Amino acid sequence: MIKLSVDGREIWVEEGLTVLEACLKSGIFVPNLCFLQGDAKHPQASCRLCFVEIQGVKQPVTSCTVTVREGMCVSTGTPAVRSLQRSALRLLLSMHRVACARCPANRKCALQQMAGFLHIGLKVAPLPELDGLKVDESHPVFDYHPYRCVLCGRCVLACERMNDRPFITFAERGLRTRVVSMAGPHPSATPCEVCGACITVCPVAALTPKTNPANAPCP
(Lines give C-alpha, C1' and ligand atoms only; values in the text may rest on other atoms or scores of the structure.)
Protein backbone atom coordinates (compact mmCIF):
# COMPACT_ATOMS: atom_id res chain seq x y z
CA MET A 1 0.00 0.00 0.00
CA ILE A 2 1.15 3.54 -0.70
CA LYS A 3 0.00 6.90 0.66
CA LEU A 4 -0.91 9.94 -1.38
CA SER A 5 -2.82 13.16 -0.83
CA VAL A 6 -5.93 14.01 -2.83
CA ASP A 7 -7.51 17.43 -2.25
CA GLY A 8 -5.73 17.62 1.08
CA ARG A 9 -6.97 14.21 2.21
CA GLU A 10 -4.54 11.35 2.83
CA ILE A 11 -5.54 8.06 1.24
CA TRP A 12 -3.92 4.62 1.13
CA VAL A 13 -4.22 2.60 -2.06
CA GLU A 14 -2.65 -0.41 -3.74
CA GLU A 15 0.39 0.06 -5.92
CA GLY A 16 -0.21 -0.03 -9.65
CA LEU A 17 -3.53 1.82 -9.62
CA THR A 18 -4.10 4.85 -11.77
CA VAL A 19 -4.88 8.15 -10.08
CA LEU A 20 -8.44 7.86 -11.38
CA GLU A 21 -8.88 4.41 -9.86
CA ALA A 22 -7.36 5.54 -6.58
CA CYS A 23 -9.76 8.48 -6.38
CA LEU A 24 -12.85 6.47 -7.27
CA LYS A 25 -11.97 3.67 -4.86
CA SER A 26 -11.54 6.26 -2.10
CA GLY A 27 -14.90 7.87 -2.75
CA ILE A 28 -13.47 10.91 -4.53
CA PHE A 29 -15.39 11.52 -7.72
CA VAL A 30 -13.49 12.51 -10.84
CA PRO A 31 -15.59 13.03 -13.99
CA ASN A 32 -15.04 10.26 -16.53
CA LEU A 33 -16.83 8.52 -19.38
CA CYS A 34 -14.43 6.16 -21.11
CA PHE A 35 -12.98 4.44 -18.03
CA LEU A 36 -13.95 0.78 -17.65
CA GLN A 37 -13.04 -1.03 -14.46
CA GLY A 38 -10.09 -3.36 -14.93
CA ASP A 39 -8.60 -1.55 -17.91
CA ALA A 40 -5.84 0.39 -16.16
CA LYS A 41 -3.13 -1.10 -18.39
CA HIS A 42 -4.73 0.22 -21.57
CA PRO A 43 -6.52 3.48 -20.73
CA GLN A 44 -8.33 5.06 -23.66
CA ALA A 45 -8.25 8.64 -22.35
CA SER A 46 -10.72 9.56 -25.08
CA CYS A 47 -13.32 11.53 -23.13
CA ARG A 48 -10.79 14.08 -21.76
CA LEU A 49 -12.86 14.56 -18.62
CA CYS A 50 -10.71 13.03 -15.88
CA PHE A 51 -8.12 15.80 -15.64
CA VAL A 52 -6.37 16.45 -12.32
CA GLU A 53 -3.40 18.52 -11.22
CA ILE A 54 -0.38 16.79 -9.70
CA GLN A 55 2.15 18.70 -7.67
CA GLY A 56 5.39 19.04 -9.65
CA VAL A 57 3.69 18.60 -13.02
CA LYS A 58 3.21 21.80 -15.02
CA GLN A 59 -0.04 20.97 -16.79
CA PRO A 60 -3.19 19.10 -15.75
CA VAL A 61 -3.06 15.43 -16.77
CA THR A 62 -5.65 12.75 -17.46
CA SER A 63 -5.89 10.77 -14.25
CA CYS A 64 -6.57 7.49 -16.06
CA THR A 65 -3.09 7.55 -17.63
CA VAL A 66 -1.00 8.28 -14.52
CA THR A 67 -0.01 5.63 -11.98
CA VAL A 68 -0.02 6.55 -8.31
CA ARG A 69 3.26 6.91 -6.47
CA GLU A 70 4.21 7.36 -2.83
CA GLY A 71 3.72 10.91 -1.58
CA MET A 72 1.91 12.13 -4.69
CA CYS A 73 -0.17 15.27 -4.14
CA VAL A 74 -3.28 15.47 -6.35
CA SER A 75 -5.89 18.20 -6.79
CA THR A 76 -9.13 17.27 -8.56
CA GLY A 77 -11.07 20.54 -8.63
CA THR A 78 -8.77 23.45 -9.44
CA PRO A 79 -9.95 26.20 -11.82
CA ALA A 80 -7.67 24.87 -14.57
CA VAL A 81 -9.02 21.35 -14.17
CA ARG A 82 -12.64 22.46 -14.18
CA SER A 83 -12.08 24.63 -17.24
CA LEU A 84 -10.69 21.69 -19.21
CA GLN A 85 -13.46 19.37 -18.06
CA ARG A 86 -16.21 21.82 -18.94
CA SER A 87 -14.71 22.43 -22.38
CA ALA A 88 -14.53 18.69 -23.03
CA LEU A 89 -18.10 18.14 -21.88
CA ARG A 90 -19.45 21.00 -23.98
CA LEU A 91 -17.75 19.48 -27.02
CA LEU A 92 -19.35 16.10 -26.28
CA LEU A 93 -22.75 17.72 -25.83
CA SER A 94 -22.39 19.58 -29.13
CA MET A 95 -22.21 16.18 -30.85
CA HIS A 96 -25.09 14.74 -28.82
CA ARG A 97 -28.74 15.14 -29.73
CA VAL A 98 -30.22 15.98 -26.34
CA ALA A 99 -33.69 14.44 -26.05
CA CYS A 100 -33.57 13.14 -22.50
CA ALA A 101 -37.30 12.59 -22.03
CA ARG A 102 -37.39 10.09 -24.91
CA CYS A 103 -34.07 8.39 -24.10
CA PRO A 104 -33.92 5.06 -22.21
CA ALA A 105 -30.85 6.35 -20.35
CA ASN A 106 -32.78 9.27 -18.84
CA ARG A 107 -31.99 9.81 -15.13
CA LYS A 108 -29.15 7.28 -15.30
CA CYS A 109 -27.21 8.86 -18.14
CA ALA A 110 -23.54 9.57 -17.55
CA LEU A 111 -23.77 12.84 -19.49
CA GLN A 112 -26.52 14.04 -17.17
CA GLN A 113 -24.37 13.11 -14.20
CA MET A 114 -21.31 14.94 -15.57
CA ALA A 115 -23.35 18.01 -16.51
CA GLY A 116 -24.80 18.19 -13.02
CA PHE A 117 -21.43 17.75 -11.36
CA LEU A 118 -19.78 20.42 -13.53
CA HIS A 119 -22.79 22.76 -13.43
CA ILE A 120 -23.27 22.83 -17.19
CA GLY A 121 -26.62 22.94 -18.95
CA LEU A 122 -27.35 20.00 -21.22
CA LYS A 123 -28.61 22.26 -23.99
CA VAL A 124 -25.58 23.14 -26.09
CA ALA A 125 -25.94 24.23 -29.71
CA PRO A 126 -25.57 20.98 -31.70
CA LEU A 127 -23.33 20.69 -34.71
CA PRO A 128 -25.14 20.71 -38.09
CA GLU A 129 -23.70 17.29 -38.89
CA LEU A 130 -26.17 15.73 -36.43
CA ASP A 131 -29.10 16.47 -38.71
CA GLY A 132 -28.29 13.67 -41.13
CA LEU A 133 -27.62 10.94 -38.57
CA LYS A 134 -30.05 8.05 -38.45
CA VAL A 135 -30.39 4.96 -36.32
CA ASP A 136 -28.33 2.05 -37.66
CA GLU A 137 -30.52 -1.05 -37.44
CA SER A 138 -28.19 -3.37 -39.37
CA HIS A 139 -26.95 -5.34 -36.37
CA PRO A 140 -29.03 -8.44 -35.61
CA VAL A 141 -29.15 -7.83 -31.84
CA PHE A 142 -28.94 -4.10 -31.16
CA ASP A 143 -29.62 -0.74 -32.79
CA TYR A 144 -26.97 2.00 -32.86
CA HIS A 145 -27.97 5.63 -32.24
CA PRO A 146 -25.00 7.69 -33.50
CA TYR A 147 -26.45 11.02 -32.33
CA ARG A 148 -26.28 9.72 -28.73
CA CYS A 149 -22.84 8.13 -28.99
CA VAL A 150 -19.96 9.83 -27.16
CA LEU A 151 -17.32 7.57 -28.77
CA CYS A 152 -16.04 6.49 -25.36
CA GLY A 153 -14.99 3.08 -26.70
CA ARG A 154 -16.38 1.17 -23.72
CA CYS A 155 -18.53 -1.03 -25.95
CA VAL A 156 -15.57 -2.06 -28.12
CA LEU A 157 -13.44 -2.82 -25.08
CA ALA A 158 -16.18 -4.78 -23.31
CA CYS A 159 -16.84 -6.82 -26.46
CA GLU A 160 -13.17 -7.72 -26.82
CA ARG A 161 -12.87 -8.53 -23.12
CA MET A 162 -15.85 -10.88 -23.20
CA ASN A 163 -15.06 -12.61 -26.49
CA ASP A 164 -11.25 -12.41 -26.86
CA ARG A 165 -11.83 -10.34 -30.00
CA PRO A 166 -14.12 -7.41 -30.75
CA PHE A 167 -17.17 -7.86 -32.94
CA ILE A 168 -17.66 -4.09 -33.08
CA THR A 169 -15.17 -1.33 -33.83
CA PHE A 170 -14.84 2.34 -34.84
CA ALA A 171 -15.08 3.38 -38.48
CA GLU A 172 -14.23 6.63 -40.31
CA ARG A 173 -12.68 9.69 -38.68
CA GLY A 174 -13.46 13.01 -37.04
CA LEU A 175 -17.12 13.95 -36.85
CA ARG A 176 -17.96 10.94 -39.01
CA THR A 177 -16.56 8.43 -36.53
CA ARG A 178 -19.10 5.81 -35.56
CA VAL A 179 -19.38 2.32 -34.10
CA VAL A 180 -19.85 -0.41 -36.68
CA SER A 181 -20.41 -4.13 -36.47
CA MET A 182 -18.16 -6.86 -37.76
CA ALA A 183 -20.82 -9.46 -37.07
CA GLY A 184 -22.87 -11.40 -39.59
CA PRO A 185 -26.55 -10.72 -40.25
CA HIS A 186 -27.79 -13.51 -37.96
CA PRO A 187 -27.45 -13.65 -34.15
CA SER A 188 -26.19 -17.24 -34.27
CA ALA A 189 -23.13 -16.11 -36.22
CA THR A 190 -21.68 -14.33 -33.17
CA PRO A 191 -22.00 -14.51 -29.37
CA CYS A 192 -23.91 -11.21 -29.46
CA GLU A 193 -27.31 -12.69 -28.70
CA VAL A 194 -26.19 -14.11 -25.35
CA CYS A 195 -23.56 -11.50 -24.51
CA GLY A 196 -24.90 -7.97 -24.52
CA ALA A 197 -21.80 -6.58 -22.79
CA CYS A 198 -21.59 -3.65 -25.19
CA ILE A 199 -25.15 -2.58 -24.41
CA THR A 200 -24.61 -2.91 -20.67
CA VAL A 201 -21.53 -0.68 -20.51
CA CYS A 202 -22.81 2.06 -22.83
CA PRO A 203 -23.18 5.17 -20.65
CA VAL A 204 -25.66 6.99 -22.91
CA ALA A 205 -27.94 4.34 -24.48
CA ALA A 206 -26.30 4.68 -27.88
CA LEU A 207 -26.72 0.90 -28.18
CA THR A 208 -30.20 -0.41 -27.48
CA PRO A 209 -31.38 -4.02 -27.70
CA LYS A 210 -33.80 -5.00 -30.40
CA THR A 211 -37.22 -6.05 -29.11
CA ASN A 212 -36.99 -9.42 -30.84
CA PRO A 213 -33.43 -10.11 -32.13
CA ALA A 214 -34.31 -13.52 -33.56
CA ASN A 215 -36.76 -11.93 -35.97
CA ALA A 216 -34.72 -8.85 -36.75
CA PRO A 217 -34.39 -8.12 -40.47
CA CYS A 218 -31.11 -8.80 -42.19
CA PRO A 219 -29.18 -5.72 -43.31
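Condition (residue is of a type in the set (Val, Ile, Thr), over 20 Å from ASN32 (Cα atoms) and at pLDDT 95 or above) applied to region 61-70: is it met by at least one residue? Steps first, answer last, please.
Initially, region 61-70 is screened for residues of a type in the set (Val, Ile, Thr), giving 61-62, 65-68.
If we keep only those that are over 20 Å from ASN32 (Cα atoms) as well, we get none.
Within region 61-70, not a single residue is of a type in the set (Val, Ile, Thr), over 20 Å from ASN32 (Cα atoms) and at pLDDT 95 or above.
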Exercise for the section: Inspect all residues belonging to region 36-46 and state whether any of them is in contact with a strand residue (DSSP E or B) (Cβ under 8 Å, 6 or more places away or on another chain) and surrounded by fewer than 16 Cβ atoms within 10 Å (Cβ to Cβ). Expected result: no
Completion exercise
Per the list (1) in contact with a strand residue (DSSP E or B) (Cβ under 9 Å, 6 or more places away or on another chain); (2) modelled with pLDDT of 95 or more, residue check on PRO79 breaks on (1)
Exercise for the section: Look through region 178-205, keep the residues that are modelled with pLDDT of 85 or more and part of a loop (DSSP other than H, G, I, E, B), and return whichever of them is farthest from the chain's Cα centre (by Cα). Expected result: GLY196
Exercise for the section: Report whether or not CYS155 is part of a helix (DSSP H, G or I), modelled with pLDDT of 85 or more and surrounded by 15 or more Cβ atoms within 10 Å (Cβ to Cβ). Expected result: yes
Practice task
Give the residues of region 60-118 that are in contact with a helix residue (DSSP H, G or I) (Cβ under 9 Å, 6 or more places away or on another chain), hydroxyl-bearing (Ser, Thr, Tyr), surrounded by fewer than 19 Cβ atoms within 10 Å (Cβ to Cβ) and not in a helix (DSSP H, G or I), sorted by residue number.
Solution key: THR67, SER75
Fill in the blank from the handout: Flagged in region 59-94 as out of contact with any Gly (no Cβ under 9 Å at 6 or more places or on another chain) and among the β-branched types (Val, Ile, Thr), in numbering order, are VAL61, THR62, THR65, VAL66, VAL74, THR76, THR78, VAL81
Fill in the blank from the handout: With the first residue restricted to region 63-84 and required to be closer than 16 Å to LYS25 by Cα, and the second required to be of a type in the set (Phe, Trp, Tyr) and modelled with pLDDT under 95, Cβ contacts under 6 Å at 6 or more apart or on different chains are CYS64/PHE35
Practice task
Would you be able to tell me the number of residues in region 1-34 that are within 17 Å of the chain's Cα centre (by Cα) and exposed (fewer than 14 other Cβ atoms within 10 Å of the Cβ)?
Solution key: 1
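The values are calculated or read from the model by the stated rules, or taken from the named source; none is laboratory data. As the structure is a prediction and not an experimental result, all values here were calculated from the model. Positions of Cβ are backbone-derived with ideal geometry, glycine not excepted, and every protein chain shown enters the neighbour counts.
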